[in-house]
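Enquirer: Handing you a structure now.
The values are calculated or read from the model by the stated rules, or taken from the named source; none is laboratory data. Note that the coordinates shown come from a computational prediction; the quantities given were computed from them, not determined experimentally. Backbone-built Cβ (ideal geometry, glycine too); neighbour counts: all protein chains shown. All accessible areas refer to the heavy atoms of the entire protein, side chains included, with ligands and DNA or RNA removed. Shrake-Rupley method; radii C 1.70, N 1.55, O 1.52, S 1.80 Å.
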Amino acid sequence: MVRYLLEERPEWELINLDLLTYAGNVSNLVEVMDHPRHRFVRGDICDGPLVTKLIEGADAVLNLAAESHVDRSIIESAPFLRTNVLGTHILLEAAREAGVSRFLQVSTDEVYGELPWKDPEFRSGRNDGFRENSPLDPRSPYSASKAAGDLLALSYHFTHEMDVVIARGSNNYGPRQHLEKLIPLMVTCALEGKALPVYGDGLNVRDWIHVGDFCRGILVTLEGGRAGEIYNFGGEAERTNLQVVRGILGLLDRPEDLITFVPDRPGHDRRYAMDFTKATKELGWVPSREFGDGLAETVSWYVENRGWWGGDP
């Protein structure tokens, strides 16, 4: 994400504080590590003195730090509460004390719970998803921790009159994503001839947004969002997990008998989707990446960068 931000805003100077960086791999920052407008500090979001020191003189704080994998939150939830709730609190306090002009909280569609399921071959429009005023109904430790962080951020707007905005995205995909996520997991398993584990019947629906499109959403929210407001961002690309997996196998010319259905995970939400009408009307944002093209580009990136994820060159 740092690379996208630097490309989009050449006037910015960025300090990137993150214990592991997005996708848990410092190699994600190779392209920007020595960039004159980027400074990477390997630190912990919960290290109050360090956070306070780094925020001094900052114009804005973007909280992109999160434990984000639902499966791991089911196994062990404590790290999610620490990073997503306590870490958010520490950032908010440091930003308040430093008089930062704007605090942007990055969040997820999962805080809304699940939408009614539809036929797996459907294609819905942007008006058929969660809206910013949809009730919060998180159903996993991960989504509950994100909802808590969001509510905490909004409380600082109302209680302390801080300029806080929230950007909530649907399922991100793109290059350099951690291998625990659906698309990179399926791509790498297929490339190595391994079974592709699909939860339940594979008909859970997600709205996919390319990471570049969501980065643009974060930027327009930071620069044009109204204080105290939430903005949803989606890709207008709802697919069942099974459709995504079959699409990956088709791009790689691998057989569908690699698909292996495994027991569903506890509390697996059936469907997510975002209504981004508000972002379009107020911020002029629409997604630019068609899912088919974006998926093909993403699959190609993993094919061409086997060294990054540990596959044979």
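Enquirer: Check the stretch 211-219 and report whether any residue there is within 13 Å of the chain's Cα centre (by Cα), within 30 Å of Val262 (Cα to Cα) and of a type in the set (Val, Ile, Thr).
Expert: yes
Enquirer: For the stretch 282-295, which positions are loosely packed, with under 14 Cβ neighbours inside 10 Å and in contact (Cβ under 8 Å) with a residue 12 or more places away in the chain?
Expert: Pass one, the stretch 282-295, residues loosely packed, with under 14 Cβ neighbours inside 10 Å: 284, 288, 290, 292-293.
Gly284, Ser288, Glu290, Gly292, listed by residue number.
Enquirer: A follow-up question, please. Which of (1) touching a Phe, Trp or Tyr at 6+ places or on another chain (Cβ under 6 Å); (2) surrounded by 18 or more Cβ atoms within 10 Å (Cβ to Cβ); (3) farther than 30 Å from Ala153 by Cα is the odd one out, the single condition Arg271 does not satisfy?
Expert: That leaves (3) as the condition not met.
Enquirer: Here is a follow-up. Test each condition in (1) surrounded by fewer than 22 Cβ atoms within 10 Å (Cβ to Cβ); (2) more than 17 Å from Ala273 (Cβ to Cβ); (3) at pLDDT 95 or above for Ile75 and report the one that comes out false.
Expert: So the condition that Ile75 fails would be (3).
Enquirer: Among all residue pairs at least 6 apart or on different chains, which show Cβ distances below 9 Å where the first residue, located in the stretch 251-280, is closer than 22 Å to Gly294 by Cα and of a type in the set (D, E, K, R) and the second is modelled with pLDDT of 90 or more and in a helix (DSSP H, G or I)?
Expert: Arg254/Ala190; Arg254/Leu191; Arg254/Ile248; Glu256/Val245; Glu256/Arg246; Glu256/Leu249; Glu256/Gly250
Enquirer: For the stretch 159-184, give me each residue that is out of contact with any strand residue (DSSP E or B) (no Cβ under 9 Å at 6 or more places or on another chain), at pLDDT 95 or above and of a type outside the set (S, T, N, Q). Don't jump to the end; show me each part of the working.
Expert: Step one: list which residues in the stretch 159-184 are out of contact with any strand residue (DSSP E or B) (no Cβ under 9 Å at 6 or more places or on another chain), which gives 159-161, 175-180.
Still in the running and at pLDDT 95 or above: 159-161.
Once the filter is applied, which keeps residues that are out of contact with any strand residue (DSSP E or B) (no Cβ under 9 Å at 6 or more places or on another chain), at pLDDT 95 or above and of a type outside the set (S, T, N, Q), the stretch 159-184 yields His160, Glu161.
Enquirer: Sort through Val2, Val32, Val26 and tell me the only one that's loosely packed, with under 15 Cβ neighbours inside 10 Å, of a type in the set (Val, Ile, Thr) and modelled with pLDDT under 80.
Expert: Working: Val2 fails: loosely packed, with under 15 Cβ neighbours inside 10 Å; Val32 fails: loosely packed, with under 15 Cβ neighbours inside 10 Å.
Among Val2, Val32, Val26, only Val26 is loosely packed, with under 15 Cβ neighbours inside 10 Å, of a type in the set (Val, Ile, Thr) and modelled with pLDDT under 80.
Enquirer: Sticking with this one: What single numbered condition from (1) of a type outside the set (D, E, K, R); (2) open to solvent by 60 Å² or more (accessible area, probe 1.4 Å); (3) modelled with pLDDT of 95 or more fails to hold for Ala279?
Expert: Of (1) of a type outside the set (D, E, K, R); (2) open to solvent by 60 Å² or more (accessible area, probe 1.4 Å); (3) modelled with pLDDT of 95 or more, only one is false for Ala279: (2).
Enquirer: Restricting to the stretch 206-259, give me the number of residues that are open to solvent by 40 Å² or more (accessible area, probe 1.4 Å), among the hydrophobic types (A, V, I, L, M, F, W, C) and assigned to a helix (DSSP H, G or I).
Expert: Of the residues in that region, 1 qualify.
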